Structures are given as C-alpha cells and as structure tokens.
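Structure record follows, encoded as structure tokens.
The values are calculated or read from the model by the stated rules, or taken from the named source; none is laboratory data. Treat the numbers as computed from the prediction; the structure is a model and nothing was measured. Note that we place each Cβ from the backbone using ideal geometry, even for glycine, and neighbour counts take in every protein chain shown. Only protein heavy atoms, including side chains, enter the accessible area calculation; ligands, DNA and RNA are left aside. Shrake-Rupley method; radii C 1.70, N 1.55, O 1.52, S 1.80 Å.
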Amino acid sequence: MATIVTLTMNPALDTSTAVDRVVPEHKLRCGPPRFAPGGGGINVARAIMHLGGRAKPIYTCGGPFGRMLQQLLDEEGLEHQPIEITGQTRESFTAGEAGSDQQYRFTMPGPQIQAAEWRHCLEILSNLDPRPDYLVAGGSLPPGVPDDFYAQVAQITAETGTRLIVDTSGEALHSAVYRGPGIYAIKPNLRELRTLARDELADERQQEKLARSLIEQGRCEVVILSLGAAGVLLVTVEGSERLRAPTVPIRSKIGAGDSTVAGFTLGLARAMALRDAVRFGVAAGAAAVMTPGTALCRRDDTERLYEQIVVETG
C-alpha cells in the first residue's frame, strides 16, 4: 500500500468535558476531563489508523502539553515524529452541555514559532526517506509561520513527486492554492471556497465554476467541496459529481472533516478509484459525527455507510 505522512504545524491537546448547563459568572461543575491528541494532520493520521491503515504524523511540539501529546500518541500505538519548538503546544477545550446537547468549543491560537523552527520543518519534509506517496497538510498555521508556508510545502512535494493534500483555511489556503506550484487535492468548505474566490459565491453554479477554474489553471487536480450533511461536490478535469452522505444520528461534528480527509487519502493509498476514495471519505466523515466528543470515525460504521453513498453526476 502507498505510504502516507501528515503534517501538523499547530497541534493541540484536546481536552473535553461535560457540564449540566453553561451559565455566565457561575462556577460550573464539570465531569471528568478526557484528553486526546488533536490538530488537523494528527487527527487525519489517527482516523486512518482507526480505518485499518497507517500514516505517520509529523508535528511541532513543545512544553508540558506537547509532552502529553506525545505520550497520548504513544499510547495509541501510532508511529509519529515530533519536531521540538521552544513554545508550548496549545490546548483546545470543549464543553458539552448535557441539558441541550450543545457543544462549546474554545480554540487557542498556538505558540509563536520562530523562523528557524518552521524552516527546520521544511528541511525535514525535504529529506524524508523514503519519500511518502501522499502528504496531508492539515490545520491552521500558528503565529510566526508565514501565510505561504503550505505553498512552500507544495514546492517541496512538486520536487519529490509526493501528492499533496491540503486541508486548511484562510490565507494559508489561499496562498497554498495561488502561490504554490500546483497541488493534488484540496477539501474546502463553502466558507473556505469563498476565501479562494474573494467573493460570496451565491449559488451552486458559481461554486462549481470556481472549482473548475482552479483545476483548469493548474492550481490543483481535485477539489472536494464539503457541503456538510449534504455530502461533497467532487470536481476534477473530467467533470463534477455530488456524493450524498447518508442520514445519521449526530452526536458531535468534531473531527468530521479530518475523518473525511483520512478516508479519502486511505482510499487513494489502497488504489481505489478516485470516486470510490471520495465515497470512502464521505462515509468516514458521516461515521465521525456518530461518535461523541472528540472521537473520530469507526471502521465498521465507515464501511457500512460507504455502501449507502449516493453519487449524482452533474
């Protein structure tokens, strides 16, 4: 099977708990905390492992939270490569309100990364041996890392022949697409697609038109536009298709996007046809919302839902 590496520049220690009700200015008595490794690329690698595959996460790491993050990954049995930084790995905090089933999510910005540290990350990617078949660059960029960082990663993968899959947002996504040499795949949601367009994209026709233009310009080969509960719009040089997600009970939407990327990438690594790999990704994303808190997709749910994905050629 093809090899997969993930990159996370802004990982997090995901802490979650439950409370009866969120009330301002009151001391809220929470349930026992749960801890999990977090951050885009790390979650993708963990979800791939849940699905029966293997991926190696590379990530920045510092301070007590960083050490705890490494320990949690060790406990999960995941091969991983931390890159030491002077700053402290951030914490991401989620509180579930039992009375309403609502979730309140608090995400910290991450540590300040020094220029020498992010450049060292690029050097590590340049010198990976063996070179991975797929590199998933996922999540936000922490303070100090330039907006064009993923564009620089794209330059490296273009030279090494690795297929780059980018799942980020804001200026980091815009720079990766428009300032890099061309990447394999992106998975924006509607808000992120508007960032690429610098426009509102009022209807589905405009959304598809922009995705097609990115491919025609050589910015990327595959666009997987996330439509939430409606599934995804897959756009390639050959055309477009909508893959409808089955209706599932929703327990938590945390990790659904990362699970989608994981299923898609693992499908490619298993030599699935592109459409089937995207179907597997949609199934993994749907499976993730069935799990509580920060839990990711489960393999049995994903494989069952995969058979229920409806493909509509557009």
Output the relative contact order of the chain, whole-number percent, from Cα pairs under 8 angstrom with separation of 6+ residues. 16 percent
If the chain between THR247 and PHE106 were fully stretched, how many nm would it gain, using 0.36 nm times the residue separation less the Cα-Cα distance? 48.0 nm
When only Cα pairs under 8 Å and 6 or more residues apart are kept, what is the percent relative contact order across the range 68-164? 23 percent
Rounded to 5, percent antiparallel among DSSP beta bridges of the range 1-121: 45 percent
Antiparallel DSSP beta bridges within the chain, percent to nearest 5: 45 percent
Please state the charge dipole magnitude for the range 141-188, taken about the Cα centre, from unit charges on C-beta atoms (+1 on K and R, -1 on D and E), reported in debye and rounded to the nearest 20. 160 debye
Once the dipole of the chain is set up from charges on Cβ (+1 Lys and Arg, -1 Asp and Glu), the residue from the list VAL223, ASN127, LEU243 lying farthest towards its positive end is LEU243
Would you grab the residues whose amide H sits under 5 Å from the one on THR291? Only those 5+ places off in sequence or on another chain, please, with H modelled 1.01 Å from N. ARG251, SER252
Could you pull the accessible area for ARG270 with a 1.4 Å probe, rounded to 10 Å²? 90 Å²
Amide H to amide H, which residues 5 or more places from THR3 or on other chains are under 5 Å from it, using H placed in the peptide plane? ASP133, TYR134
For VAL23 and GLU171, compute 0.36 nm times the residue count separating them, minus their Cα-Cα distance, and round to one decimal in nm. 49.8 nm
When the accessible area of the chain is computed with all protein chains present and a 1.4 Å probe, what percentage of it is carbon and sulfur? 48 percent
Would you indicate which of (1) 20.6, 75; (2) 28.6, 82; (3) 18.8, 57 is the value of Rg and Dmax of the Cα atoms in Å derived from the coordinates of this structure? (3)
Once fully extended, how much extra length lies between GLU303 and SER126, figured as 0.36 nm per residue of separation less the alpha-carbon to alpha-carbon distance? 60.2 nm
Amide H of ILE83: which non-local residues (sequence gap of 5 or more, or other chain) have their own amide H closer than 5 Å, using H built in the peptide plane? TYR59, THR60, CYS61
What's the whole-number percent of alpha carbon pairs in the range 177-314 lying beyond 22 angstrom? 35 percent
Let me know the longest stretch in the chain that avoids all GluC sites (Glu not before Pro) found in a DSSP loop with at most 12 other C-beta atoms within 10 Å. 80-199
I want to verify a result. In a Gaussian network model of the chain, Cα cutoff 10 Å, which of these has the top mean-square fluctuation: GLY41, GLY110, GLY257? GLY110
Computed over the range 22-127, Kirkwood Rh from alpha-carbon pairs, angstrom: 15.8 Å
